[in-house]
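The numbers here are math on the coordinates, done by the rules we state, and not lab data. What you see is a predicted model, and the numbers here were worked out from it, not measured in a lab. All Cβ positions, even for glycine, are placed from backbone atoms using ideal geometry, and neighbour counts span all protein chains on display.
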Amino acid sequence: MTEELARKERRVCRRFKIPGATVNYALRKISSPDKKDETLWEEEFCPLMDISCGGVRYVGKKTLLINTEIVVKIFIPGERTQITLLGEVRWLSTEDDKKTCEMGVQFNPYGEGEGKNYPGLMVKLMELEHKFSSQDSDITKFEIDT
């Protein structure tokens, strides 16, 4: 395989940035019927680097293991509600000083049933993509002669 093919983007969804957005995350627990399901956030207010319908990249202070199942809550400036999604840590990168860790989380599939994300959240992410990707778009504007 050539180096060019190795670098080819494998993501299906377009990534975009949301200025000022942050991420909280918690380890995913199975709730039991006799106990109240509480979310204990591992970290809060982690800077969101970019997001897509398929996943999120953010910077945290703790390092998680690859394939760790987590709950991600995304706070977006100007939005009334947060977006909460289930996902898995797919990659991470620590800085030389080891004070921060960049993590890539792949969201679970959208659909009905245990372990899946509510399909309406994908629609919300598509709306946000439309709203925010136009701000940093590299598409050149042009005029059509009539």
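Could you check the spin-label model distance between residue 44 and residue 65? Points 7 Å from the Cα along Cα→Cβ, value in nm.
2.7 nm
If Lys and Arg each add +1 and Asp and Glu each add -1, what is the summed charge of the other residues whose beta carbon sits under 14 Å from the beta carbon of residue 89?
On the way: positive: 28, 57, 62, 90; negative: 42, 43, 69, 88, 102.
Result for the local shell: -1.
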